[in-house]
Amino acid sequence: MEVLDEDMEAIATLLPKLIWAQQRQMAQDLSGYGLTFPQFIALTVLEQFSGECRMGPLASAALQSAASMTGIVDLLLERWLVRRERHPEDRRSVVVYLTDHGRSLLAEVKVNRHQQGRALLAAIPPGDRQLLRQVLARMVELMEKRRAD
């Protein structure tokens with residue numbers, strides 16, 4: 001087998017393992033806050049939309065169906081992390097707002113995630129971290145170029 005093929009197979013095995021390990025760790029971390037990954041994404045999207053968003057765009061941005069987003073928002077409502085109201089100008093539309101409690105919890109989760117990320121990267125020598133950044137950036141660049149072509 002050619003070296004390039006061996007590298008491709010190793011990378012094709014390692015990348016999904018890395019993503020899976022990261023997702024499991026994140027799910028475990030979020031469960032400590034009583035959140036699921038979709039709930040965390042919904043809170044993050046709301047924060048990106050300055051704390052308020054209609055249900056349709058919120059579902060789209062969080063990569064959820066409208067029905068799934070309704071269930072996610074219902075659970076967040078129970079914990080006072082968001083509030084939901086009819087749009088003042090379009091009564092058919094619903095707007096979701098991030099509450100102060102939701103902002104506070106989201107900030108706490110982000111601090112925890114940042115600390116864990118730092119601890120993980122601290123175990124990798126600086127030169128290797130820089131090389132990893134360069135290689136990943138190049139792979140993303142190549143994949144985006146390929147998709148655009």
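A few points about this structure:
So that you can scan it fast, the table gives a plain yes or no per residue for (1) within 19 Å of Arg103 (Cα to Cα); (2) of a type outside the set (Asp, Glu); (3) open to solvent by 40 Å² or more (accessible area, probe 1.4 Å):
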| residue | (1), (2), (3) |
| --- | --- |
| Asp29 | yes, no, no |
| Ile41 | yes, yes, yes |
| Phe49 | yes, yes, yes |
| Leu63 | no, yes, yes |
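- Failed item, numbered, when Val96 is tested on (1) over 22 Å from Met26 (Cα atoms); (2) open to solvent by 80 Å² or more (accessible area, probe 1.4 Å): (2)
- Options Leu15, Leu106: the member that is surrounded by 13 or more Cβ atoms within 10 Å (Cβ to Cβ) and modelled with pLDDT of 90 or more: Leu106
- Any chance Ile11 is free of Cβ contacts under 8 Å to residues at least 12 places away in the same chain and not hydroxyl-bearing (Ser, Thr, Tyr): yes
- Meeting the requirement of 2 or more residues that are among the aromatic types (Phe, Trp, Tyr), the helices (runs of 4 or more DSSP H) wholly within segment 1-86 are 37-48.
- Filtered residues of segment 114-136 (kept if under 23 Å from Met26 (Cα atoms), open to solvent by 60 Å² or more (accessible area, probe 1.4 Å) and assigned to a helix (DSSP H, G or I)): His114, Gln115, Gln116, Arg118, Ala119, Leu120, Leu121, Ala122, Arg129, Leu132, Arg133, Leu136
The values are calculated or read from the model by the stated rules, or taken from the named source; none is laboratory data. Note that this is a predicted model, so its numbers are computed, not measured. Positions of Cβ are backbone-derived with ideal geometry, glycine not excepted, and every protein chain shown enters the neighbour counts. Note: accessible area is taken over every heavy atom of the protein model, side chains too, but ligands, DNA and RNA are not part of it. Shrake-Rupley method; radii C 1.70, N 1.55, O 1.52, S 1.80 Å.
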